[in-house]
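The values are calculated or read from the model by the stated rules, or taken from the named source; none is laboratory data. All values derive from a computational prediction rather than experimental measurement. Here Cβ is always computed from backbone atoms with ideal geometry, including for glycine, and neighbour counts include all displayed protein chains.
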Amino acid sequence: MESVELKIKSVIGFNGKIPGAMSYTPCGKYIIYPLGSFVVIKNLKTSKEAFLDGHNNDVSCIAMSHSGEYIASGISHLTGVKANCYIWDFAKAKKLLDSGKVMIGEECAIHLLKQHKGRVQDLGFSANDRYLATLGGQDDNALVVWDVESGQSICGSPAASDSALCLKWVNGRNDRLVTGGNYHVRVWQIDFGLPKLHAMDAKLGSVRRVVLSLAVTDDDEFCYCGTSSGDVLKVNIERNEIISYKDPDTKVPQISGISNHKYSQGVRALQCVYSDALGATNCLVGDGAGTLGLMSGNLKEVAGYKTHLQGGITSISLHPNGKKFLIGTSECNRYEVTPDLVESVLISSCHYGAINDLSFPDGCPDLAVTCSKGDMRIWNIKASQEVLRIQVPNLECLCSVVAPSGTAILSGWDDGKIRSFFPESGKIKFVIPDAHTDKVTALAIADNDYRGQWRVISGGAEGRVRIWKITPTHQAMIISLKEHRGPINSIKVNGDSSQCISASADGSCIIWDLNKYVRLNALFESNVFESVLYHPDESQMLTCGSNHKITYWDSSDGEAIRVIDGGENQMTCLDITSDGEYFISGSKDKTVKLWHYDNGLTVGEGRGHSGNIKQVKVSPDEKSIVSVGSTGEIIFWEMPNLKKISSTLE
């Protein structure tokens, strides 16, 4: 039978590290933002999302046209490889989104532009959307102007003698733009007759700054430049029209002011705004430390207009009605802020690094626990919102599991410690220091913690499997088992806690007796084992790993029974339904698959991840599939009708 398409119910994720990544559309009803290799369009009223799928690597820049007809996006790629840009038909994408379609591809791609090598650093539409300017990354460092209608390049030029980092078109004309970067600000004019780009460097005098962000006033007279040193430059960008090389320049862009106040960790985002209360054009400034402030036209701080957000500010977008700002931060938080900067509301949040593990409390399908760099988070699945954040700065959580009673969340960290937290408050319950000499890479719980005394099995990057006795008053190691020669990637305990199996990167899985603490059996394969699980009746086991295969093993003698092709890349994770009739898998080919256990056939397939899938789970009520990825996204899939699928297989 043909596999069904797994439908996405909702997604949590946003790459906030990209400058100018999040913005309102001109109608104000949608927002756009990048997520891995996708461009996401979100309907603010219905909360529906659609993914523009076409890029073969992570999106590095994104721009919305002034008319709302187009979206442009560019990517970051390997050095020497051409990094492409797409121009998307936003009007068509909106219709498909509102009709319920989630994954949108070539049907909305108007042009594929290939010119820059390694990375597209920045891009932007001209005032009337007729032209698109793209800026290459450090290895390319070229400025190219494209015709939006035909998709053909008009002209190009090296951006500067040093790296250019940002660009901005002027507001009132379509032949002039500004670029900034390492120790330069340039004003460009396009001669469409030749065609050719004419650059004129702004005279900055003795001021040497790395320009990270640009904002042009409505009258096109001045450009504000945010710098890595935290100050803002005001540059007069008036210049001569294109004249003969013999004639002297009478108008040269030059610096006209520099702010006294320095913002922490550089000025990452700028937006020129007209304030009715102040009766003048001002500059909204966002820095790398999360400060959002207002600066007057003469570069003075406006008293009382300041707020602090979590994460460096990378995006500022004014709503078309002028009543609120959309702010995106480097820690992937989305805020709505009022124009007076008094009220800021956290609209959404997500992990800003790879999510390493995912777990559910027993019998609770409404909550999920994820772990990543610096924190663990508890999510309300129905609302797709963060409920609790447990932060441990400067460390990475590699694995987590919820105690059967729901009274503790256990987690393994890259400092070799096992930490347990109270799920209601997030406060520390206990810590096992030096649980492993290296990272704690896998955890499992044996016994039922309702009785007060229970056991935890942990695996480390050094290859040891350790068993711990947990009581209300103390934690003690029962035994340390050293037979693996590589990191432990997965540990599973059987139903009566009499044995467990550990899967290692050394190509072995070992079944351990949890009563005598000895090895019962071992499985060997030319493979880096990533995940292992018991079938619910415990007669068989499943493994997956770097050989792209899923292997069935006999629990009694450890012999391989069946091997099936799992995907086009390394398999990373497995989970199984309670009746054992179906199981799910995730892999580095960005695909979630639903399998029939006995037939070994793929009956469902879902594509929505933009990076490696790190973990996948069936929710306790088996109505959803949840998967997490290396780009920080959490995707909730609708479980298809398994009874209907079973009837077609008979």
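In the range 256-315, the residue that is surrounded by the fewest Cβ atoms within 10 Å (Cβ to Cβ) out of those that are among the acidic types (D, E) and more than 33 Å from the chain's Cα centre (by Cα) is D276.
Here is a list: S627, S610, S619. Which entry is in contact (Cβ under 8 Å) with a residue 40 or more places away in the chain, touching a Pro at 6+ places or on another chain (Cβ under 7 Å) and of a type outside the set (K, R)?
Details: S627 fails: touching a Pro at 6+ places or on another chain (Cβ under 7 Å); S610 fails: touching a Pro at 6+ places or on another chain (Cβ under 7 Å).
Just one listed residue meets the conditions, S619.
Filter the range 497-530 for residues that are touching a residue at least 40 places away in the same chain (Cβ under 8 Å) and over 38 Å from the mean Cα position of the chain (by Cα) and give the result. Scanning the range 497-530 gives L514, Y517.
All of N84, N56 fail the test of being over 18 Å from the mean Cα position of the chain (by Cα), among the polar types (S, T, N, Q) and closer than 26 Å to A354 by Cα, apart from N84.
Yes/no matrix, rows are residues, columns are (1) in contact with a Cys (Cβ under 9 Å, 6 or more places away or on another chain); (2) small (G, A, S):
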{"residue": "A93", "(1), (2)": "yes, yes"}
{"residue": "S99", "(1), (2)": "no, yes"}
{"residue": "L113", "(1), (2)": "yes, no"}
{"residue": "L123", "(1), (2)": "yes, no"}
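Consider V440 carefully, then state whether it is under 16 Å from S405 (Cα atoms) and crowded, with 23+ Cβ neighbours inside 10 Å. No; evaluated as a whole, the condition is false for this residue. Listed by first and then second residue, the pairs with beta-carbon distance under 9 Å, at least 6 apart or on different chains, first residue in the range 636-650 and more than 28 Å from A368 (Cα to Cα), second assigned to a loop (DSSP other than H, G, I, E, B) and of a type outside the set (D, E, K, R), are T648/M1; L649/M1; L649/N599.
Give the residue, chosen from L96, L112, that is over 25 Å from V187 (Cβ atoms), assigned to a helix (DSSP H, G or I) and in contact with a strand residue (DSSP E or B) (Cβ under 8 Å, 6 or more places away or on another chain). Give the steps one after another, and end with the answer.
On the way: L112 fails: assigned to a helix (DSSP H, G or I).
Just a single option satisfies the conditions, and that option is L96.
Residue count for the range 503-533 satisfying the condition of being surrounded by 21 or more Cβ atoms within 10 Å (Cβ to Cβ) and of a type outside the set (A, V, I, L, M): 7. When the range 17-42 is filtered for residues that are hydroxyl-bearing (S, T, Y), under 19 Å from G608 (Cβ atoms) and assigned to a loop (DSSP other than H, G, I, E, B), only S37 remains. Within the range 335-392, the set of residues being part of a loop (DSSP other than H, G, I, E, B) and among the aromatic types (F, W, Y) comprises Y352, F360. Within the range 358-367, is even one residue of a type in the set (G, A, S), out of contact with any strand residue (DSSP E or B) (no Cβ under 9 Å at 6 or more places or on another chain) and farther than 27 Å from P26 by Cα? The answer is yes, given that some residue of the range 358-367 is of a type in the set (G, A, S), out of contact with any strand residue (DSSP E or B) (no Cβ under 9 Å at 6 or more places or on another chain) and farther than 27 Å from P26 by Cα. Considering (1) more than 30 Å from N15 (Cβ to Cβ); (2) in contact with a Cys (Cβ under 8 Å, 6 or more places away or on another chain); (3) charged (D, E, K, R), the lone condition that E622 does not fulfil carries the number (2).
Need the failing condition index for A160 against (1) within 24 Å of the chain's Cα centre (by Cα); (2) outside the structural domain of S65 (by TED's automatic domain parsing), just the number. It fails just one condition, (1).
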